[in-house]
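*Asks:* Dropping a structure here in structure tokens format, bear with me for questions.
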Amino acid sequence: MSKLWGGRFTKKTDQLVEEYTASITFDKELAEEDIQGSLAHVTMLGQCGIIPSEDVEKIKEGLLKVRLRIVNGEQEFLIADEDIHMNIEKALIDEIGPVGGKLHTGRSRNDQVATDMHLYLRKRVVEFVDQLHKLQAALIGQAKQNLDTIVPGYTHLQRAQPILFAHHLMAYVSMFGRDIERLQDSYKRIDMLPLGAGALAGTTFAIDRQFTAQQLNFGRVYENSLDAVSDRDFIVEFLSGASLIMMHLSRLSEELILWSSTEFQFVELDDAFCTGSSIMPQKKNPDVPELVRGKTGRVYGNLVGLLTVLKSLPLAYNKDMQEDKEGMFDTVKTLQGALQLFASMIETMKVRKDKMRRAVDQDFSNATDIADFLVNKGLPFRQAHEVIGKTVLYCIQQNKFLLDLTLEEFKQFSQLFDDRIYDVLQPEAVVNARNVYGGTATPQVTAAIARAEAELVHT
Ligand code: ARG
């Protein structure tokens with residue numbers, strides 16, 4: 001069984017070396033992209049008169065047959081043929097005979113593999129934007145149901161100021177919005193064609209790279225042949241965008257896990273998204289957000305892994321670069337699963353408005369507002385802060401909340417208090433007092449939801 005590159009060799013490849021260097025076990029994922037690239041390349045070779053059009057037709061037909069066999073799971077891939085590129089080329093030659101050997105004219109596996117990766121990620125990025133939109137829609141849906149749900153807002157995981165639960169959810173809509181922008185921006189650099197760079201220096205054949213780019217619908221071709229075959233920045237960018245998405249999902253996961261604990265009881269995840277314990281019959285574990293939080297680690301690992309692979313590589317292609325694939329495929333799979341599950345988990349999540357309200361009623365998150373009340377009466381903010389600090393301390397000692405105090409009790413701390421404070425201290429009033437663009441007041445959140453929905457429709 002001869003190698004496509006066997007001419008220069010007098011010995012067989014060591015069996016272990018063959019296994020160690022082969023990438024077919026994972027890069028078979030690129031089969032479709034490899035065939036797409038080859039179809040465009042051979043069309044261009046015909047167009048430029050580099051190979052006769054009857055040969056182009058034979059090669060195209062052969063490639064389509066190989067594609068069909070792959071799709072039907074009938075094509076055998078061999079470690080001995082190293083990678084997807086040579087497996088497909090071998091299959092083509094088996095199919096149509098030596099004329100199949102003309103396909104690789106004016107091309108190298110170096111520009112070929114880079115092209116495959118660009119084609120692959122270009123599709124994935126479009127799908128991820130779509131998945132992120134679906135997740136945003138699920139969050140917006142919950143936000144609309146919770147425009148009247150008040151929940152403690154936290155800093156340091158200590159109750160800070162009451163907010164609308166809708167406002168909290170919309171924060172994630174903004175985060176995923178930035179993730180979408182980042183993917184869309186990275187698309188510009190994914191949408192570039194390396195093919196035609198040859199092994200590193202270009203090719204002696206009078207090819208037409210623009211024509212190939214048009215065939216494959218690429219916006220640009222790489223300017224420099226060395227850069228074209230050496231560049232993996234676009235994969236690093238994708239992995240970094242994916243890391244941020246996972247980080248956002250992981251923060252949301254953490255909140256969902258906390259909120260579904262008995263200590264919080266703010267939300268209940270649908271049974272379909274939880275699992276039980278093999279020993280403790282009462283348990284309902286939030287496995288999905290836990291695993292998403294956990295899998296964030298492997299996506300970060302894939303990012304750092306590729307950055308490290310690339311950091312000292314001389315130009316141009318080095319075999320090290322074959323290591324760009326598994327982390328990318330793993331990231332794609334991890335992200336696909338997480339985004340898909342999250343959209344339905346958010347959609348089906350039950351929000352315990354009553355528990356959230358009780359948490360708000362039983363805390364001091366309205367303290368800032370009562371300080372602001374004194375400020376509006378002319379007291380400098382620092383003094384007002386001190387007065388309310390003492391008032392809160394008194395409440396804690398008396399086992400009361402601010403709304404439980406009588407006006408006389410309030411007046412012990414400042415004569416500026418009057419009975420309007422009871423309105424000011426109501427959670428609804430506290431929330432609606434923050435009527436600043438981007439704030440938690442109902443009109444602001446309603447407007448934010450409308451803007452986010454308009455954005456979803458337009459994209
Ligand atoms: N399997 C190789 C990779 O993924 C394809 C390119 C091989 N090029 C070469 N000159 N050996 O990187």
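Rule-based calculations on the coordinates, nothing more; no lab input. Note that the structure is a prediction, hence the values are computed from the model and not measured. Ideal geometry is used to build each Cβ from the backbone, glycine not excepted, and the neighbour counts take in all protein chains shown.
*Asks:* Normalised by the number of residues in the chain, what is the relative contact order in percent for Cα pairs under 8 Å and 6+ residues apart?
*Replies:* 16
*Asks:* Now for a different question. Dividing the Cα radius of gyration by the Kirkwood radius, what Rg/Rh value follows for segment 39-186?
*Replies:* We get a ratio of 1.30 for segment 39-186.
*Asks:* Right, next: Return the loop-located trypsin sites (Lys or Arg not before Pro) in segment 306-379 (DSSP other than H, G, I, E, B) with at most 16 other Cβ atoms within 10 Å of their own Cβ; answer none if there are none.
*Replies:* Filter output for segment 306-379: K311, K377.
*Asks:* List the residues whose amide H sits under 5 Å from the amide H of V267, counting only those 5 or more places along or on another chain, with H placed 1.01 Å from N in the peptide plane.
*Replies:* Amide H neighbours of V267: S260, R352.
*Asks:* Can you grab the distance from the C-alpha centre of segment 227-281 to the C-alpha centre of segment 381-459, Å, no decimals?
*Replies:* Rounded to whole Å, the Cα centres lie 32 Å apart.
*Asks:* List the pairs from K3/K319; K28/K333; K355/K390 whose alpha-carbon separation is above 22 Å, in the order I gave them.
*Replies:* Exceeds cut-off: K355/K390.
*Asks:* Of A213, A448, S344, whose Cα points farthest to the positive end of the dipole of the chain (charges on the beta-carbon: +1 Lys, Arg; -1 Asp, Glu; origin at the Cα centre)?
*Replies:* Positive-most Cα among the choices belongs to A448.
*Asks:* Once every DSSP H run of n ≥ 4 in the chain is given -39500 (n - 2.57) and the sum is divided by its residues, what mean residue ellipticity at 222 nm do you get, rounded to the nearest 500 deg cm²/dmol?
*Replies:* Estimated from H runs of four or more residues: -20000 deg cm²/dmol.
*Asks:* In addition: Any chance you could check the Cα centroid distance between segment 98-142 and segment 1-62 for me, in angstrom?
*Replies:* So the separation of the two Cα centres works out to 19 Å.
*Asks:* If I take the Cα coordinates of segment 367-425 and project them onto the principal axes, what are the three extents in Å, biggest first?
*Replies:* So the three principal-axis extents are 29, 20, 17 Å.
*Asks:* Over all directions, the average projected area of the alpha-carbon convex hull for segment 1-68 comes to how many nm²?
*Replies:* 6.3
*Asks:* Which whole-Hz couplings ³J(HN,Hα) result when phi for each residue of segment 129-134 is put into the Karplus expression 6.51 cos²θ - 1.76 cosθ + 1.60, θ = phi - 60°, listed in order with x for Gly and Pro?
*Replies:* Residue by residue, segment 129-134 yields 4, 5, 5, 5, 4, 5 Hz.
*Asks:* Could you tell me how many cubic angstrom of Cα convex hull volume the chain has per residue?
*Replies:* 203
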